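Student: Take a look at this one; I'll ask things after.
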Amino acid sequence: MFRSDWLQRFAGHGVLVLALLGCLYLLWTIGQSQQQSSNGAGQHQNSDSSLSSIPPVNKPVRTEKYQADCKSEKDADFCAQRRMADAAESQSDYTLISVVLLGLTLIAAAIAAREAHRIVVVTDRSARQQLRAYLHAVSATMPNFAEDAPKINLSFKNCGQTPAYNVTTRVGVYPLPPDSTEFGDGGATFNFGPTGPQQSFSVSRTLEDPEPSQKLRDQIRSGLLTLFVVGRIDYEDAFGKHQWLTFRCAFTDTCIGDPKGRLLVCEDGNDASGRADQRKNSQ
């Protein structure tokens, strides 16, 4: 996080500063080049017209830099060429500096573009996570356990902001010892159409094939066995990505006294693709 913030600050302020310095150096270089060229050309032209208006010999037209060379007026052309050569040399130095500044500006621009792309990717991922469909298990009940063909009612809800498509639900019922952790992959499959935002749907599984025997009911009442309800929901979100939800609940001896027959949520076996992605990203 610190490295990303530093890169963003450098890319944001560094690009502007370097671009401004580069423009100033380029403008200054052009001005110096034009001034030097104008001075050299003027000295060269004045050397040809010196016959008509020759200043005194003891006051030659020269600069302090070339005072040792410009002893007489006849050396004016040589001095002008020297000035033009120095101007060209200075021009090359200024050009080199401009190229270096331009390179730094391009590097800063590349860093800024990379950070901008990263921000776009993170923003797009966050938007997808916030807007996509989220299916959650709301409740699981079996109020008629003592009756013939008891029915398990499961309720789910799309808590997201966009629809869930191609919803497929698989529900399996397994009478096993309370400490069981291994379950089969079988069960009844239910297919649903699109489930809109904040929309709920229910799945019912009747225990009639085979119907629980009296011995099985007694074992559940005594706590020897637990009726596990295990399932999975697969669906696609509005962005075309596959999502899933797993659920596991149990009907025990304590659920018999509940008028609604609410099943208990197991500690394990309840997961979703969104939570799994968050755990993976945090590692």
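Student: (1) more than 24 Å from Q130 (Cβ to Cβ); (2) surrounded by fewer than 19 Cβ atoms within 10 Å (Cβ to Cβ); (3) not charged (D, E, K, R): which one isn't true of W244, the others all being true?
Tutor: Answer for W244: the failing condition is (1).
Student: Please name all residue pairs, on different chains or six or more residues apart, with Cβ atoms under 6 Å, provided the first residue is in the stretch 220-234 and is assigned by TED's automatic domain parsing to the domain that holds G269 and closer than 19 Å to F192 by Cα and the second residue is outside any strand (DSSP E or B) and of a type in the set (A, V, I, L, M, F, W, C).
Tutor: Final answer for the pair search is V230/F183.
Student: I've got another one for you. So, Q129, is that one under 37 Å from the mean Cα position of the chain (by Cα) and not aliphatic (A, V, I, L, M) or not?
Tutor: Yes: the conditions hold for Q129.
Student: Return only the number of the condition from (1) loosely packed, with under 13 Cβ neighbours inside 10 Å; (2) more than 15 Å from the chain's Cα centre (by Cα) that M142 does not satisfy.
Tutor: It is condition (1) that M142 fails.
Student: Among (1) assigned by TED's automatic domain parsing to the domain that holds I233; (2) more than 30 Å from A238 (Cα to Cα), where does E89 come up short?
Tutor: Failing condition for E89: (1).
Student: Hey, among F251, F192, F228, which residue is surrounded by 16 or more Cβ atoms within 10 Å (Cβ to Cβ), within 28 Å of L131 (Cβ to Cβ) and touching a Ser or Thr at 6+ places or on another chain (Cβ under 9 Å)? Steps first, answer last, please.
Tutor: Values: F251 fails: within 28 Å of L131 (Cβ to Cβ); F228 fails: within 28 Å of L131 (Cβ to Cβ).
On inspection, the qualifying residue turns out to be F192.
Student: Let me spell it out: the conditions are (1) of a type in the set (D, E, K, R); (2) within 20 Å of A272 (Cβ to Cβ); (3) in the same structural domain as S213 (by TED's automatic domain parsing), and E147 meets all of them except one. Which number is the exception?
Tutor: The number of the failed condition is (2).
The values are calculated or read from the model by the stated rules, or taken from the named source; none is laboratory data. The shown structure was predicted, so the numbers you read here are calculated from the model rather than taken from an experiment. Glycine gets a Cβ as well: all are built from the backbone with ideal geometry, and neighbour counts include every protein chain shown.
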